[in-house]
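Only one structure is covered here, and it is reproduced in the block below.
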Protein chains: 2
Amino acid sequence: MADQSQFARPGSTAEVEEGRALAPKFDADGLVTCVATDAQSGEVLMVAHMNAEALARTIATGDAWYFSRSRQRLWRKGETSGHAQHVVEMRIDCDQDAVWIKVEQAGAGACHTGRRSCFYRAVPLGKAGAVALEFRDEKAFDPKSVYRGS
Amino acid sequence: MADQSQFARPGSTAEVEEGRALAPKFDADGLVTCVATDAQSGEVLMVAHMNAEALARTIATGDAWYFSRSRQRLWRKGETSGHAQHVVEMRIDCDQDAVWIKVEQAGAGACHTGRRSCFYRAVPLGKAGAVALEFRDEKAFDPKSVYRGS
């Protein structure tokens, strides 16, 4: 697990919520949740995870770094696709277990399926039982050519 | 754990990513991540979790329901504070383990600390080592009076 000692350890609830120390509450897997939104449109582009090292690198460099749970490794967004994310602003939430980054998204999109946002399907409301998703975003690029090295 | 059989079970990667079936990938604790943004401003208000029952109730009613990990119970946002969230649109992400809801936030704010958003502190970028958070949002209401029943 990545070295968490580079951050303060979470103290009391009052310290975590009202303090000025960045003291992330990493979960049992050593991760915090990260929401990336488009700095211009406000659209949610993706939800991913950061371990201590990904968080430290993102803060230090202004490039979005994540930790892949499926691949169990650190990655810089765009390292394969070129679709990097430049972080304009980072926020942390009240209990310091979630981070919000506003990013300038390089390239045609953030999603590995070829869309701008990972949230390209809507869930219709007001229904119980089986739900048919509605597609809202066209593919913005061909993932086969962009991710061919991965 | 809440009954997940009311949703389709996740199939192949192609089905999960390109299909029309809502087949949420609940984690080992039976949860998906939910990001709530303000339908007008686009601001991220909070990040929380939904189990199958919370997700089903949110879809059926258009009110935001969550599952509290700390209290291990289902809750309707605003049931204590009155600060309910009316869901204008729901989206699900490529691998169906995260939900984005655009909400009309009732009352002065979403955060139990008294702010409009839980993300009221910025993390300055370009630094290594200890980081001092910067407060960005004033308190919008007095949490002691709003949450006194909780």
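Computed quantities for the displayed model
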{"read-out": "Subset of segment B:110-143 that is away from chain A (no Cβ under 11 Å) and at pLDDT 90 or above - its residue that is surrounded by the fewest Cβ atoms within 10 Å (Cβ to Cβ)", "value": "B:142"}
{"read-out": "Contacts under 6 angstrom Cβ, first residue in segment B:122-145 being more than 22 Å from residue B:44 (Cβ to Cβ), partner not basic (Lys, Arg), 6 or more apart", "value": "B:128/A:60"}
{"read-out": "Top-ranked residue of segment B:72-94 - restricted to ones that are touching a Lys or Arg at 6+ places or on another chain (Cβ under 9 Å) and surrounded by fewer than 19 Cβ atoms within 10 Å (Cβ to Cβ), ranked as farthest from residue A:136 (Cα to Cα)", "value": "B:80"}
{"read-out": "Unmet criterion (only one of (1) of a type in the set (Asp, Glu); (2) over 22 Å from residue A:48 (Cβ atoms); (3) at the interface with chain A (Cβ under 7 Å from one of its Cβ atoms)) for residue B:104", "value": "(3)"}
{"read-out": "In segment B:40-61, the residues that are surrounded by 17 or more Cβ atoms within 10 Å (Cβ to Cβ) and aliphatic (A, V, I, L, M)", "value": "B:44, B:45, B:46, B:47, B:48, B:50, B:52, B:54, B:55, B:56, B:59"}
{"read-out": "Filter result (at the interface with chain A (Cβ under 8 Å from one of its Cβ atoms), more than 13 Å from residue B:90 (Cβ to Cβ) and in contact with a Lys or Arg (Cβ under 9 Å, 6 or more places away or on another chain)) within segment B:42-71", "value": "B:42, B:43, B:44, B:46"}
{"read-out": "Enumeration of residues in segment A:127-143 that are in a loop (DSSP other than H, G, I, E, B) and within 19 Å of residue B:5 (Cα to Cα)", "value": "A:127, A:128, A:129, A:130, A:131, A:133"}
{"read-out": "Test set (1) in contact (Cβ under 8 Å) with a residue 24 or more places away in the chain; (2) assigned to a strand (DSSP E or B); (3) of a type outside the set (Val, Ile, Thr); (4) under 21 Å from residue A:34 (Cα atoms) - residue B:110 fails condition number", "value": "(2)"}
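The values are calculated or read from the model by the stated rules, or taken from the named source; none is laboratory data. As the structure is a prediction and not an experimental result, all values here were calculated from the model. A quick note on method: Cβ atoms are made from the backbone with ideal geometry, for glycine too, and the neighbour counts reach across all protein chains shown.
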